[in-house]
Amino acid sequence: MKGLLIKDFYMMLRYCRTFFIIAIVFEAAAAFLGDGMFLVAYPFIICSVIPMNLLSYDEKSRWTLYSCTMPYSRGQLVSVKYIYALIMCFACVVLTVVAQFAGAAVAGGNLSVNPGILAMMLIPVGLIPAAILLPVIFWLGTEKGRIAFYAVIVIICAFFGFLGADSLDAGSDVIKSLAMRPQVLLGADLIALALLGISWLAAIGLYGKREF
C-alpha cells in the first residue's frame, strides 16, 4: 500500500502540477480580491478530480494490467485513490484558511469571512464529486466514464458560477449566520464523508468484478 501511495505521489508531481498552481492562484484571488465564491470553490473541484486523472494515467500506461501481476489486491488499488481524494480535500482546506488569513493581513487584519466556516462549507464540494465519479470510472474505465465525469464537473461549476455573482464580502452575512449554527456544516461534512465511504465500498466491489 505504501508503494502505491508513493507511485501516485510521484505521478501527481509529474502530471498534476498545473492543478496545484491553479488552486493557489484561485484561492489567492479570492482572498485578496474577495471576488466570488466560485474562486474559493474551484480549487476544491479541480483537486477532487485528481484521483480520476491519476486513474486515467494508470490506464494509459497499462498499469491496471501490470498491477494484476503484483501482490496488490483490487481493494488496495481502489483505496489509494480514495485516500488521495481525502488528502486533496484536506490540502484545499488548509490552502483556503491560509489564503484568507494572508488576505486579511494585507488588508489590515480584518477578516470579512470566517475561514474555518468557509472551509467547512466547501468540504462537501471536494468530496462529493469523487464519491460520484470514482465508482463509475472504476467500473467502466476512464474512457467510458468520461461522460459522467464531464457532466458532474459542469453541473458543479455552473452552480458555483451562479453563486459567484456575489462577492465573498456580500456573502459574509450568510457565512456568519452559518457560523452561529456550525452543527449544520458539521452535519453536511459528515454526510459527505459517509457518501465517500459508501462510494469507496461500492468502487471496491465494482472494480473487483471488472475484467481486463
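Residues in region 80-109 that are open to solvent by 20 Å² or more (accessible area, probe 1.4 Å) and assigned to a helix (DSSP H, G or I): 15 in all. Looking across region 62-73, the residues that are under 21 Å from residue 144 (Cβ atoms) and either open to solvent by less than 80 Å² (accessible area, probe 1.4 Å) or hydrophobic (A, V, I, L, M, F, W, C) (or both) come down to 63, 64, 65, 67, 68. Checking each residue in region 21-46 for being open to solvent by less than 60 Å² (accessible area, probe 1.4 Å) and without any contact (Cβ under 8 Å) to a residue 12 or more places away in the chain picks out only 29. Taken across region 49-61, residues that are in a loop (DSSP other than H, G, I, E, B), farther than 13 Å from residue 207 by Cα, more than 21 Å from the chain's Cα centre (by Cα) and of a type in the set (A, V, I, L, M) do not occur at all.
Output yes when any residue across region 170-183 is surrounded by fewer than 18 Cβ atoms within 10 Å (Cβ to Cβ) and at pLDDT 75 or above, and no when none is. The answer is yes; a qualifying residue exists. If you go through region 124-148 and pick out every residue that is of a type in the set (Lys, Arg) and farther than 12 Å from residue 52 by Cβ, you end up with 1.
The values are calculated or read from the model by the stated rules, or taken from the named source; none is laboratory data. Worth saying up front: this structure is predicted, and the values here are computed from it rather than measured. Here Cβ is always computed from backbone atoms with ideal geometry, including for glycine, and neighbour counts include all displayed protein chains. For the accessible areas, the whole protein counts, side chains as well, though only heavy atoms, and no ligand, DNA or RNA atoms are used. Shrake-Rupley method; radii C 1.70, N 1.55, O 1.52, S 1.80 Å.
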